[in-house]
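The structure under discussion appears below in the form of structure tokens.
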Amino acid sequence: LIGSGAVGQGLLEILRSKADELQQEYGFTARVVAVVTKSRGALYHPQGLDIAQIIAALKAGGLAHYQATAERDWDALRLARDGQFDVLIEASPTDLQTGQPALDIVRAALTNGKDVVLANKGPVAVAYAELRALAAANQRHLRFEGTVMGGTPSIRLALQALAGCRITQVRGIVNGTTNYILTQMESGQAYDTALAQAQALGYAETDPSGDVDGWDAAGKAAILSALIFNKRLDVAQMSVQGISGITAASVAEAAAQQQRWKLIATITPDGGSVQPVRLPISNPLAGVSGITNAITYTTDLLGDVTLIGPGAGGVQTGFALLSDLLDIQRLRG
Ligand SMILES: NC(=O)c1ccc[n+]([C@@H]2O[C@H](COP(=O)([O-])OP(=O)(O)OC[C@H]3O[C@@H](n4cnc5c(N)ncnc54)[C@H](OP(=O)(O)O)[C@@H]3O)[C@@H](O)[C@H]2O)c1
């Protein structure tokens with residue numbers, strides 16, 4: 001497990017609290033053999049670590065508090081190259097420009113014959129085609145359900161449940177922070193007040209630009225474009241506009257015309273964009289409020305299919321990682 005912040009700990013908590021249920025229902029037992037962080041230490045023990053103790057150590061401030069036997073000097077790249085494990089889980093911070101350092105770690109794990117599950121958007125947004133080819137060449141699985149809409153199964157819906165349909169367009173509210181701000185503005189709040197509230201609630205970072213300027217949504221659009229339309233979108237070249245230009249007056253004006261502003265990522269076979277759009281309130285995406293996310297797949301056989309659910313959160317995204325692990329277990333038979 002590379003990275004053990006909100007998402008990594010969310011997964012660990014699920015593995016701990018649902019261990020019996022996962023064993024009984026799915027014959028699934030997780031053995032965590034390594035945890036790596038940037039500043040809070042690392043643990044590696046090929047026979048397995050004690051998950052409850054890892055959680056307690058992280059809560060106490062770092063993996064130095066872990067009492068049982070473990071090697072403590074492995075970094076992520078060395079583990080990916082030389083560690084003994086089955087699946088590498090990447091839950092370190094996203095870099096949408098380079099995908100690094102996670103991209104090299106994922107490359108090393110796949111080359112080393114390991115399956116890979118990511119919550120980190122960077123490597124998938126930057127190099128999906130390369131990583132898919134590398135996984136295929138090494139007969140390994142590459143999964144990344146948590147990179148779009150957190151634990152809500154947007155990727156599995158597109159690739160598995162809708163297999164056989166042709167998806168012609170994707171439109172989504174894929175950033176919860178901006179949707180929260182726009183929803184607050186509908187009740188009369190100014191943009192700055194709504195942003196400050198999102199920060200106070202922990203939805204937006206101290207530097208909120210990745211969310212409010214649309215870059216987080218653009219990274220998700222790049223992932224969806226690569227996997228659904230087989231087309232690489234460079235986030236830096238994409239048409240991306242955030243919500244900072246939307247005023248309380250323009251929100252009120254839209255409401256007077258039965259419309260709502262939403263930050264919409266649109267992906268078609270021809271490209272992708274992220275723009276604030278005024279949607280009629282009859283549109284299913286217009287009814288999605290607060291930090292909730294939603295995505296509409298337009299298909300040839302079903303028309304529009306819309307999925308609504310949580311788009312972030314440690315446990316929610318930890319669930320996405322679990323769902324990928326269960327998928328890999330199923331595929332391995
Ligand atoms: N949070 C969400 O709701 C959510 C939803 C979907 C996707 N994601 C993605 O999931 C990933 C993790 O998110 P998060 O919220 O858990 O982030 P976070 O709380 O900031 O945790 C990041 C973790 O990665 C570790 N880390 C940083 N650089 C590293 C490196 N070079 N090698 C190894 N570990 C490193 C950090 O170490 P320290 O503990 O020392 O800081 C920390 O443990 C991100 O890519 C994010 O975009 C998050």
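Could you give every pair whose Cβ atoms fall below 6 Å, whose first residue belongs to segment 126-153 and is aromatic (Phe, Trp, Tyr), and whose second residue is part of a helix (DSSP H, G or I) and modelled with pLDDT of 95 or more, counting only separations of at least 6 or pairs across chains?
TYR128/ALA226; PHE144/VAL124
Looking at segment 5-22, which of the residues that are under 18 Å from the mean Cα position of the chain (by Cα) and hydrophobic (A, V, I, L, M, F, W, C) is farthest from the ligand (Cβ to nearest atom)?
This residue is ILE14.
Just name the residue that is surrounded by the fewest Cβ atoms within 10 Å (Cβ to Cβ) out of those in segment 1-22 that are of a type outside the set (A, V, I, L, M, F, W, C), out of contact with any strand residue (DSSP E or B) (no Cβ under 9 Å at 6 or more places or on another chain) and not in a loop (DSSP other than H, G, I, E, B).
It comes out as ASP20.
Please enumerate the residues belonging to segment 153-167 that are in a loop (DSSP other than H, G, I, E, B) and closer than 17 Å to VAL124 by Cβ.
PRO153
May I ask you to list the residues in segment 84-101 that are within 13 Å of the ligand (Cβ to nearest atom) and of a type outside the set (A, V, I, L, M)?
GLU90, SER92, PRO93, THR94, ASP95, THR98, GLY99, GLN100, PRO101
If ILE2 satisfies all but one of (1) over 17 Å from LEU322 (Cα atoms); (2) in contact (Cβ under 8 Å) with a residue 40 or more places away in the chain; (3) near the ligand (Cβ under 9 Å from one of its atoms), what's the number of the condition it fails?
Just one mismatch for ILE2, condition (1).
Among (1) among the polar types (S, T, N, Q); (2) under 22 Å from GLY219 (Cα atoms); (3) surrounded by fewer than 24 Cβ atoms within 10 Å (Cβ to Cβ), where does GLN84 come up short?
With (1) among the polar types (S, T, N, Q); (2) under 22 Å from GLY219 (Cα atoms); (3) surrounded by fewer than 24 Cβ atoms within 10 Å (Cβ to Cβ) applied to GLN84, the lone miss is (2).
State all residues of segment 168-188 that are outside any helix (DSSP H, G or I) and modelled with pLDDT of 95 or more; if no residue qualifies, say none.
THR168, GLN169, VAL170, ARG171, GLY172, ILE173, VAL174, ASN175
Quick one: in segment 257-283, which of the residues that are in a strand (DSSP E or B) and free of Cβ contacts under 8 Å to residues at least 24 places away in the same chain is nearest to the chain's Cα centre (by Cα)?
Only one residue fits best here, namely VAL277.
Which of the residues that make up segment 177-194 are of a type in the set (S, T, N, Q) and surrounded by fewer than 16 Cβ atoms within 10 Å (Cβ to Cβ)?
Matches in segment 177-194: SER187, THR193.
All but one of (1) free of Cβ contacts under 8 Å to residues at least 40 places away in the same chain; (2) among the hydroxyl-bearing types (Ser, Thr, Tyr); (3) farther than 27 Å from ILE89 by Cβ hold for THR206; which doesn't?
Condition not satisfied by THR206: (3).
Any chance you could count how many residues in segment 28-48 are free of Cβ contacts under 8 Å to residues at least 60 places away in the same chain and more than 16 Å from the ligand (Cβ to nearest atom)?
So the count comes out to 6.
Search segment 23-67 for residues being under 25 Å from the mean Cα position of the chain (by Cα) and among the aromatic types (Phe, Trp, Tyr), and hand back the single one that is surrounded by the most Cβ atoms within 10 Å (Cβ to Cβ).
Per the stated criteria, the residue is PHE28.
Please go through segment 102-125 and give me each residue that is within 15 Å of the ligand (Cβ to nearest atom) and either free of Cβ contacts under 8 Å to residues at least 12 places away in the same chain or outside any helix (DSSP H, G or I) (or both), ordered by number.
Passing the criteria: VAL116, VAL117, LEU118, ALA119, ASN120.
Pairs please, first residue from segment 84-101 and aliphatic (A, V, I, L, M), second anywhere and near the ligand (Cβ under 9 Å from one of its atoms) and assigned to a strand (DSSP E or B), Cβ atoms under 8 Å, 6+ apart in sequence or on different chains.
The qualifying pairs are LEU88/ILE2; ILE89/ILE2; ILE89/LEU118; ALA91/ILE2; ALA91/LEU118.
Which residue pairs have Cβ atoms under 7 Å apart, sit 6 or more places apart or on different chains, and have a first residue in segment 291-302 that is closer than 15 Å to ASN175 by Cβ and a second that is of a type outside the set (A, V, I, L, M, F, W, C) and in a loop (DSSP other than H, G, I, E, B)?
Close Cβ pairs satisfying both conditions: ILE291/TYR203; ILE291/GLY311; THR292/GLY311; ASN293/THR152; ASN293/GLY311.
Please go through (1) touching a Phe, Trp or Tyr at 6+ places or on another chain (Cβ under 7 Å); (2) surrounded by fewer than 20 Cβ atoms within 10 Å (Cβ to Cβ); (3) over 14 Å from ALA108 (Cβ atoms) for TRP74 and return the number of the only condition it doesn't satisfy.
Against the list (1) touching a Phe, Trp or Tyr at 6+ places or on another chain (Cβ under 7 Å); (2) surrounded by fewer than 20 Cβ atoms within 10 Å (Cβ to Cβ); (3) over 14 Å from ALA108 (Cβ atoms), TRP74 comes up short only on (3).
Taking only segment 193-223 into account, find how many residues are more than 14 Å from the ligand (Cβ to nearest atom) and closer than 22 Å to PRO153 by Cβ.
Here the count works out to 1.
The values are calculated or read from the model by the stated rules, or taken from the named source; none is laboratory data. No experiment lies behind these values; they were computed from the predicted model shown. We place every Cβ from the backbone using ideal geometry, glycine too, and count neighbours over all the protein chains shown.
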